[in-house]
Amino acid sequence: MARQSLIKEFFLFIRQEKKWWLIPLVVVLLLVGALVIFGSSPVAPFLYPLF
């Protein structure tokens, strides 16, 4: 419940304050975080061919 509230509040902030440039920044940070998490797991050998 708290996670949904946080995400909803973030998007309401973006819409009210017209800070659309934050969306690509957050997406890139989430992708980098996913690579770090998956890069240190057994899935890592399958990620290497992508680069």
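The values are calculated or read from the model by the stated rules, or taken from the named source; none is laboratory data. Since we're looking at a predicted model, the values are computed, not measured. So basically every Cβ, Gly included, is an ideal-geometry build from the backbone, and we count neighbours across all protein chains shown. Note: accessible area is taken over every heavy atom of the protein model, side chains too, but ligands, DNA and RNA are not part of it. Shrake-Rupley method; radii C 1.70, N 1.55, O 1.52, S 1.80 Å.
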Q. Does Gln4 qualify as being part of a helix (DSSP H, G or I), open to solvent by 100 Å² or more (accessible area, probe 1.4 Å), at pLDDT 90 or above and of a type outside the set (Lys, Arg)?
A. no
Q) Among all residue pairs at least 6 apart or on different chains, which show Cβ distances below 7 Å where the first residue, located in region 22-33, is closer than 18 Å to Glu9 by Cβ and the second is surrounded by 10 or more Cβ atoms within 10 Å (Cβ to Cβ)? A) Leu22/Ile14; Ile23/Ile14
Q. Which condition number in (1) open to solvent by 80 Å² or more (accessible area, probe 1.4 Å); (2) over 15 Å from the mean Cα position of the chain (by Cα) is the one that Phe11 fails?
A. (2)
Q | Yes/no for Pro49 being outside any helix (DSSP H, G or I), open to solvent by 80 Å² or more (accessible area, probe 1.4 Å) and without any contact (Cβ under 8 Å) to a residue 60 or more places away in the chain | A | no
